[in-house]
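The values are calculated or read from the model by the stated rules, or taken from the named source; none is laboratory data. Since this is a predicted model, take the numbers as computed values, not measurements. Glycine also receives a Cβ, built like all others from the backbone with ideal geometry; neighbour counts cover every protein chain displayed. Accessible surface is based on the protein model in full, side chains and every heavy atom, while ligands, DNA and RNA are left aside. Shrake-Rupley method; radii C 1.70, N 1.55, O 1.52, S 1.80 Å.
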Amino acid sequence: MISSSGFYGDITQLNRTLHMQLEMYKHQHRKEMSCPAIAQMLSAKLYNHRFFPLYTFNILGGIDEEGAHLRSTPAAFCSHVCWLTRPRRCVSL
């Protein structure tokens, strides 16, 4: 699940692009993408727009085989920050 705030046009573009890439991954690999992989894809997408940034602020949350994840993009582009429900596995990216 992703929650976004910011410019509505950029949010819509990002949502459509992520949905398309997730569907392509599901058809190619016949499985769902993991939460860390989705966060990495989101980070890469935002980083690719660094010179004309998408003004979106995102929180990505989900549950996979590793447990519950909550990831945030604190800036309009670049990196993401990770919080896990189990602090011993938490890695800040």
### Task
Out of the residues in segment 18-38 that are under 9 Å from the mean Cα position of the chain (by Cα) and at pLDDT 85 or above, state the one that is farthest from Ser4 (Cα to Cα).
Ala37
### Query
Do any residues in segment 53-66 that are over 21 Å from Tyr8 (Cβ atoms) and at pLDDT below 80 have Cβ atoms under 9 Å from those of residues that are of a type in the set (Asp, Glu) and open to solvent by 90 Å² or more (accessible area, probe 1.4 Å), where the two are at least six apart or on different chains, and which pairs are they?
Asp64/Glu32
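Counting just the residues of segment 69-80 that are assigned to a loop (DSSP other than H, G, I, E, B) and open to solvent by less than 20 Å² (accessible area, probe 1.4 Å), which one comes out modelled with the highest pLDDT?
Applying the first criterion (assigned to a loop (DSSP other than H, G, I, E, B)) to segment 69-80 yields 73-80.
From what's left, open to solvent by less than 20 Å² (accessible area, probe 1.4 Å): 73, 76, 80.
Working: Thr73: 62, Ala76: 46, His80: 46.
By that ranking, first place goes to Thr73.
If I filter segment 12-58 down to residues being assigned to a helix (DSSP H, G or I) and of a type in the set (Lys, Arg), which single residue comes out as nearest to Leu70 (Cα to Cα)? Spell out the reasoning first.
Keep residues of segment 12-58 that are assigned to a helix (DSSP H, G or I), which gives 12-29, 35-48.
Add one more test, that the residue is of a type in the set (Lys, Arg), and what stays is 16, 26, 45.
Numbers: Arg16: 21, Lys26: 22, Lys45: 18 Å.
If we take residues in segment 12-58 being assigned to a helix (DSSP H, G or I) and of a type in the set (Lys, Arg), then Lys45 is nearest to Leu70 (Cα to Cα).
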### Task
Scan segment 7-32 residue by residue and report those that are touching a strand residue (DSSP E or B) at 6+ places or on another chain (Cβ under 9 Å) and open to solvent by less than 40 Å² (accessible area, probe 1.4 Å).
Asp10, Ile11, Leu14, Leu18
### Message
Can you tell me which of (1) part of a helix (DSSP H, G or I); (2) among the polar types (S, T, N, Q); (3) surrounded by 13 or more Cβ atoms within 10 Å (Cβ to Cβ) is the one Ser4 doesn't meet?
### Response
(1)
### Task
Could you tell me whether segment 34-55 includes any residue that is among the aromatic types (Phe, Trp, Tyr) and in contact with a strand residue (DSSP E or B) (Cβ under 6 Å, 6 or more places away or on another chain)?
yes
### Top-ranked residue of segment 41-68 - restricted to ones that are in contact with a Leu (Cβ under 8 Å, 6 or more places away or on another chain) and of a type in the set (S, T, N, Q), ranked as surrounded by the fewest Cβ atoms within 10 Å (Cβ to Cβ)
Ser43
